[in-house]
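Here the structure is laid out as structure tokens; the discussion comes afterwards.
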Amino acid sequence: LGGLGIKTAEWLVEHGAGRILLLGRSIPEPIPEPLRQLLQQADTDIELLSCDVTDFEQLRRAIEIANSNGLLRGIVHAAGVLHDGMLRQLTWSDMFKVLGPKVLGAQHLHQLTMGLSLDFFVLYSSAASLIGSAGQASHVSANAYLDSLAHHRRCLGLPAQTINWGPWSEVGSAASEKTRSHLELHGIGIINPDAGL
């Protein structure tokens, strides 16, 4: 239910998805305008579900809902939380805020869908796992885990793809002008959402 998730759902609708289940820790109130517009798409059944992907049982129930009548065809894991800080200053609680949604969420999705015939299993990772990012040890580690899980799944003959995104211009954690300016000073470009999709 975050910015990248909503953009991805819009893309799926444009490409003929018949049913989409969007998960988030909580359903936003009021519903943001991009999500409200998405929900009004006439040809696609879009359901919102409050689900903490770090909670195996909550996610198991969500997968059961998504796979009712054997209709689950794919997964896009776009969960992410940032909590920056120098490594020596981070507590385990600080680190888990970032690691939990990406690492546990991906591991749970992997375990819960291994027996299903999926067309795709996409993990939204970050370029930070490839080039590092000062003050983001948790973020780098979490995304490196996603990359490794994709390799593991492919070795098992299961579908898997990570996308090591850079920052997006209008949505996501780097959408603020301050963050964009900082990244551009370091030679890191910004991805336009249409180009990214």
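I need the full set of residues from the stretch 102-146 which are of a type outside the set (A, V, I, L, M), assigned to a helix (DSSP H, G or I) and open to solvent by 40 Å² or more (accessible area, probe 1.4 Å), in order please.
Residues of the stretch 102-146 that are of a type outside the set (A, V, I, L, M), as a first pass: 102, 105, 107-108, 110-111, 113, 115, 117, 119-121, 124-126, 129, 132-133, 135-136, 138-139, 141, 143, 145.
Now restrict to residues that are assigned to a helix (DSSP H, G or I): 102, 105, 107-108, 110-111, 113, 129, 138-139, 141, 143, 145.
Within the stretch 102-146, Q107, Q111, S141, Y145 qualify.
Could you run through the stretch 59-99 and say how many residues are modelled with pLDDT of 80 or more and open to solvent by less than 60 Å² (accessible area, probe 1.4 Å)?
Counting residues in the stretch 59-99 that are modelled with pLDDT of 80 or more and open to solvent by less than 60 Å² (accessible area, probe 1.4 Å) gives 15.
Out of all the residues in the stretch 38-45, is one or more among the hydroxyl-bearing types (S, T, Y) and surrounded by 14 or more Cβ atoms within 10 Å (Cβ to Cβ)? Reasoning before the result, please.
Within the stretch 38-45, the first condition is being among the hydroxyl-bearing types (S, T, Y), and the residues that meet it are 44.
Now narrow it down to the ones that are surrounded by 14 or more Cβ atoms within 10 Å (Cβ to Cβ): 44.
Yes: one or more hits.
Test of understanding: among I6, I20, which residue is of a type in the set (A, V, I, L, M), open to solvent by less than 50 Å² (accessible area, probe 1.4 Å), touching a helix residue (DSSP H, G or I) at 6+ places or on another chain (Cβ under 6 Å) and free of Cβ contacts under 8 Å to residues at least 40 places away in the same chain? So that I can check it myself, show each step before the final result.
On the way: I6 fails: free of Cβ contacts under 8 Å to residues at least 40 places away in the same chain.
Result of the check over I6, I20: I20.
Kindly indicate whether any position in the stretch 48-60 is over 22 Å from P159 (Cα atoms), in contact (Cβ under 8 Å) with a residue 60 or more places away in the chain, not in a helix (DSSP H, G or I) and not hydroxyl-bearing (S, T, Y).
No, the conditions are met nowhere in the stretch 48-60.
Considering only residues that are small (G, A, S) and in a loop (DSSP other than H, G, I, E, B), look in the stretch 23-47 and name the one that is modelled with the lowest pLDDT.
To start, the set of residues in the stretch 23-47 that are small (G, A, S) comprises 24, 26, 42.
Next, from what is left, pick out any that are in a loop (DSSP other than H, G, I, E, B): 26, 42.
Values: S26: 90, A42: 69.
Here the answer is A42.
Search the stretch 153-170 for residues that are open to solvent by 40 Å² or more (accessible area, probe 1.4 Å) and pair each with any residue that is among the small types (G, A, S) when their beta-carbon atoms are under 7 Å apart and the residues are at least 6 apart or on different chains.
R154/A160; Q161/A150; I163/S125; N164/S125; N164/S126; N164/A127; N164/S129
The values are calculated or read from the model by the stated rules, or taken from the named source; none is laboratory data. Values in this document were obtained by computation on a predicted structure and should not be read as measured data. Counting neighbours? That spans all protein chains shown, and the Cβs are built from the backbone with ideal geometry, glycine included. Only protein heavy atoms, including side chains, enter the accessible area calculation; ligands, DNA and RNA are left aside. Shrake-Rupley method; radii C 1.70, N 1.55, O 1.52, S 1.80 Å.
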